[in-house]
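Step one of this worksheet: look at the structure below.
The values are calculated or read from the model by the stated rules, or taken from the named source; none is laboratory data. Just so we're clear, the structure is a prediction, and the values are computed from it rather than from any experiment. Glycine gets a Cβ as well: all are built from the backbone with ideal geometry, and neighbour counts include every protein chain shown. Ligands, DNA and RNA are stripped out before the accessible areas are found, and what is left, the full protein with its side chains, is counted by its heavy atoms. Shrake-Rupley method; radii C 1.70, N 1.55, O 1.52, S 1.80 Å.
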Amino acid sequence: VAAVSTFKNAARDAVETNQKFKVVFSGVEQQAEKMAKSLSEAFDLSGTTAKKLLSDTGNLLIGFGMTEEAALKMSFSINTIAQDLVSFTNYSGGTEAAAQALTSAMTGNTRAAKSLGIVIRQENEDFRNRVKYLQENNGLTQQAATSTAIYEQIVQQTKKSVGDYARTHDQLANTERRRQ
């Protein structure tokens with residue numbers, strides 16, 4: 001009975017994730033499907049997990065006023081960085097927790113990102129000028145511009161970790177993570 005219930009819940013969750021994914025990226029559905037497949041294959045994630053990660057971040061960014069296409073691209077990048085950081089730092093929370101920490105950082109709540117080795121500076125003049133520039137020159141809302149400026153800091157601070165999962169795919173830590 002417990003096994004049947006577990007399978008039923010997993011199936012239900014997969015259906016709900018697919019529905020959310022299609023709604024969030026309704027205007028760029030084919031591109032989103034390709035990115036979900038790419039994320040899944042590159043990081044040995046289930047298709048449902050890849051779609052959940054992309055749609056969770058994408059939904060937030062679209063809510064901040066980003067286009068679906070821009071939100072999809074940034075969501076793919078953030079979730080790629082999250083997976084590489086899990087591998088690079090041996091982050092015990094796993095991909096989903098790392099992705100949540102980075103997504104949370106993009107809302108201005110940067111505390112969790114520190115556990116991944118990322119320190120976001122929002123209180124200085126350079127940050128405020130960057131947000132203003134993004135608003136004026138890219139037509140972004142203040143929240144979308146703030147998220148973009150934070151995203152840029154994340155990218156800047158994670159250069160060494162990018163590609164770590166691919167480099168260390170067959171090492172013990174990543175092999176064990178895939179078995180969980």
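Things worth noting here:
- Tensor-based shape of the chain (alpha-carbon gyration tensor, a/c under 1.5 rounded, otherwise prolate or oblate): oblate
- By the rule of a C-alpha distance below 19 Å, with chain neighbours fewer than 8 residues away ignored, the aspartates and glutamates paired with K73 are E29, E33, E41, D56, D84, E96, E152.
- Loop trypsin sites (Lys or Arg not before Pro), the stretch 81-176 (other Cβ atoms within 10 Å of the site Cβ: 16 or fewer; DSSP): R121, K159, K160
- Note on the stretch 1-154: with charges restricted to the Cβ of Lys and Arg (+1) and Asp and Glu (-1), its dipole about the Cα centre is near 260 debye.
- Helical mean residue ellipticity (222 nm; -39500 (n - 2.57) per DSSP H run of 4+; nearest 500) of the chain: -24000 deg cm²/dmol
- Between K132 and E176, the distance separating the two model label sites (each 7 Å from Cα on the Cα→Cβ line) works out to 5.0 nm.
- Segments 65-73, 45-53 sorted - mean Cβ within 10 Å per residue, highest first: 45-53, 65-73
- Solvent-accessible area of the chain (1.4 angstrom probe, protein heavy atoms only): carbon and sulfur portion equals 51 percent.
- The mean sequence separation of alpha-carbon pairs under 8 Å and at least six residues apart, normalised by the residue count of the stretch 31-180, gives a relative contact order of 24 percent.
- Considering only I150, T168, Y133, and ranking their Cα positions along the charge dipole of the chain that arises from unit charges at the beta-carbon of Lys, Arg, Asp and Glu, the one farthest toward the positive end is T168.
- Remark: the chain carries 55 Å² of accessible area per residue (probe radius 1.4 Å; ligands, DNA and RNA excluded).
- Net dipole in debye of the stretch 28-83 [+1 Lys, Arg Cβ; -1 Asp, Glu Cβ; about Cα centre; nearest 20]: 60
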